[in-house]
Amino acid sequence: MVRQLVLVLGDQLCTDISSLRDLDPAETRILMAEVADEAAYVPHHRKKLVFVFSAMRHFAAALRAAGWQVDYVTLDDPANSGSLDGEVARARDRLGDLPLRVTAAGEFRLAEIMRRWRRTTIVPDDRFFASPADFVHWAEGRAQLRMEYFYRMMRRRTGLLMEGDEPVGGQWNFDAENRKAASRDLLMTRPPRFPPDAVTQQVIAMVERAFPDNFGDIAPFWFAVTRRDAETAFDEFVANRLARFGTFQDAMLDGEKFLYHAVIAQYLNIGLLDPRAVCAAVDRAYREGAVPINAAEGFIRQILGWREYVRGLYWWRMPGYATENALGATRPLPGFYWTAKTDMACVAACVRQTREEAYAHHIQRLMVTGNFALLAGIDPGEVHRWYLAVYADAYEWVELPNTIGMSQFADGGLLASKPYVASGAYINRMSDYCSGCRYDVQSRHGADACPFNSLYWDFIARHSERLKMIPRMQLAVKNWHGRPASEQRQIRASAQAILDSLDTADDCY
Ligand code: FAD
Ligand code: DLZ
Ligand code: SF4
């Protein structure tokens, strides 16, 4: 006899999810539902929609094969109510007024909806190394939060890359070795591709019908949609690309979308990969001598450090965090974030690849599209909704702190010790975009000057009162004030021309 209903959300696709643990399949009915509300709270990239729905359908099949009874509601089911509220109510109408269990939602928005559900037990999501309460315990009372100290605490707690109480390799962080630019003669493997099976093809047809106007290419669709394939993708990364992950972590090459990155965040964030297993495998690869310490440490820091840190910060600071705007930025997001129609070769390349793959690596997000938005004073809420929509790995708990905190400095420095702003010189050093650009990366003003240059100095000038209080920005502020007034005027006039054109042009300037 069925005694309880368990709702499994689209980003909870693992059989040891806390809501199912210790339950008897004979007494449990699992509910999974593709609903319009979740598909449309931001205009998700179409590849992301195919990925989530196909992974959900494959997971439902895996649950059934393991003996569970699953009610699965497709998006195009005529009876579909369009919301998780509605689907829980419909399931209770069908099955009787059963008690509901669900693992806590990853996003504040949905957690608030779920809090209102009757006869519902919300079980903590323990797929993370630290709980939200662990983070608050660590953070509260600290004058300043820094990821590095949280990360060291997590290394000690997990024993990852530790020798007793000491970090392996004698230091905690090898970031200084991880800033090499890539060159064209580097050989790297691409992430493995998984051709769409019949289930995925059905989902593709459905998403094409239901979301004809959403941003993003569906084809070629090559993401893994099962745990087994996601594990194959991760194993390939460890075998072929991890060793150089650290060294070239910050590099960008035109046309090379993935470099030595893992391309696994989309799998981790919906449950197809387990962060503990991923970190353990990388720790092992280092101890077996297969990869150097700067690669293993750099990688584990991203997952054990950054990923956990931003989640803790999110739950600690929500709901207010979503609307923070410390720099008072109000300009609308330029149309070229959707069309890629801009002469800035770096921005165009990052937006194009985002449209093609629902993927850009960290430095493209942070130092190209994010950097431009910050320099140009784009409304951080608009920037946030763009990042949440366009990446296959985007969920608010991880995207929001990265955007509001790390990228846009909209929290006033809670997450980042300084704004991540840079002129064209940084992009030129770390990439080959500038050689194919119509702008001159060496010029600071004039019609052909790289927009990142004039906007960078204009940003420093606009915010100099605030920036001079930040030790790592003081040199830039001093540099600006040391420039001749005539040059300052020319730079600011160039910046203003760019900003004016952003306000008036629809898709380019
Ligand atoms: P790799 O570079 O190979 O890194 C390995 C793993 O480390 C990633 O898969 C990811 O799980 C983790 N990781 C790395 N950096 C971060 C970080 N800063 N925060 C949290 N986890 C990290 N990541 C998301 O998972 N979802 C998002 O919505 C998201 N939005 C972002 C928005 C902005 C503005 C910025 C600057 C970064 C964002 N990130 C986000 C972090 C990071 O860019 C992506 O995790 C990474 O690019 C995913 O690609 P990958 O799997 O190849 O990562
Ligand atoms: C991202 C997503 C999408 C696009 N669609 C669904 C859906 O139809 N049904 C569902 O259960 N989950 C979906 N998800 C994942 C949810 O948005 C995610 O569970 C919440 O954002 C909480 O993290
Ligand atoms: Fe980007 Fe400026 Fe280089 Fe052009 S010159 S690619 S706009 S950094």
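Structure notes:
- Selection from the range 337-351 of residues that are hydroxyl-bearing (Ser, Thr, Tyr) and either within 18 Å of TYR387 (Cα to Cα) or not assigned by TED's automatic domain parsing to the domain that holds VAL383 (or both): TYR337, THR339
- First in the range 184-202 and within 16 Å of PHE51 (Cα to Cα) and in a loop (DSSP other than H, G, I, E, B), second anywhere and open to solvent by 60 Å² or more (accessible area, probe 1.4 Å) and not small (Gly, Ala, Ser), Cβ under 7 Å, 6 or more apart: PRO192/THR232
- Residue in the range 249-270 that is more than 16 Å from ligand 3 (Cβ to nearest atom), in contact with a strand residue (DSSP E or B) (Cβ under 9 Å, 6 or more places away or on another chain) and under 29 Å from ALA345 (Cα atoms) present: yes
- Count - residues of the range 12-31 that are surrounded by fewer than 22 Cβ atoms within 10 Å (Cβ to Cβ) and within 16 Å of ligand 1 (Cβ to nearest atom): 1
- Checking GLN364, GLN408, GLN353 one by one, the residue that is within 11 Å of ligand 1 (Cβ to nearest atom), more than 24 Å from LEU145 (Cα to Cα) and open to solvent by less than 20 Å² (accessible area, probe 1.4 Å) is GLN364 and no other.
- Filtered by the rule that a residue be within 16 Å of ligand 3 (Cβ to nearest atom) and in contact with a Pro (Cβ under 9 Å, 6 or more places away or on another chain), the range 451-476 gives a lone residue, PHE459.
Residues checked against (1) touching a Pro at 6+ places or on another chain (Cβ under 6 Å); (2) within 30 Å of ALA55 (Cα to Cα); (3) within 16 Å of ligand 2 (Cβ to nearest atom):
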residue: GLY381; (1), (2), (3): no, yes, no
residue: LEU388; (1), (2), (3): no, yes, yes
residue: GLU399; (1), (2), (3): no, yes, yes
residue: ILE427; (1), (2), (3): no, no, no
residue: SER443; (1), (2), (3): no, no, no
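- Extreme residue, farthest from ILE30 (Cα to Cα), among residues of the range 60-89 that are surrounded by fewer than 18 Cβ atoms within 10 Å (Cβ to Cβ) and charged (D, E, K, R): ASP76
- Qualifying positions in the range 39-57 - buried (at least 22 other Cβ atoms within 10 Å of the Cβ), part of a helix (DSSP H, G or I) and out of contact with any Gly (no Cβ under 6 Å at 6 or more places or on another chain): LYS48, LEU49, VAL50, PHE51, PHE53, SER54, ALA55
- Criterion (under 15 Å from GLY377 (Cα atoms) and either aromatic (Phe, Trp, Tyr) or open to solvent by 30 Å² or more (accessible area, probe 1.4 Å) (or both)) met by exactly one of ASP448, ASP458, ASP500: ASP500
- Of the residues making up the range 378-437, those that are over 18 Å from CYS350 (Cα atoms), among the small types (Gly, Ala, Ser) and not in a loop (DSSP other than H, G, I, E, B) number 2.
- Helices (runs of 4 or more DSSP H) completely within the range 220-298 that count 3 or more residues being open to solvent by 30 Å² or more (accessible area, probe 1.4 Å): 227-240, 275-287
- Any hit, the range 149-161, residues being in contact with a Cys (Cβ under 8 Å, 6 or more places away or on another chain) and either modelled with pLDDT under 95 or of a type in the set (Ser, Thr, Tyr) (or both): yes
- The number of residues in the range 58-84 that are closer than 25 Å to VAL390 by Cα and either assigned to a loop (DSSP other than H, G, I, E, B) or in the same structural domain as GLU357 (by TED's automatic domain parsing) (or both) comes to 5.
- Filtered residues of the range 299-311 (kept if among the hydrophobic types (A, V, I, L, M, F, W, C) and either in contact with a Cys (Cβ under 9 Å, 6 or more places away or on another chain) or open to solvent by 10 Å² or more (accessible area, probe 1.4 Å) (or both)): PHE299, ILE300, ILE303, LEU304, TRP306
The values are calculated or read from the model by the stated rules, or taken from the named source; none is laboratory data. These figures come from a predicted structure and were not determined experimentally. Neighbour counts run over all protein chains shown; Cβ positions are idealised from the backbone, glycine included. Protein only, heavy atoms only, side chains kept; ligands, DNA and RNA dropped before computing areas. Shrake-Rupley method; radii C 1.70, N 1.55, O 1.52, S 1.80 Å.
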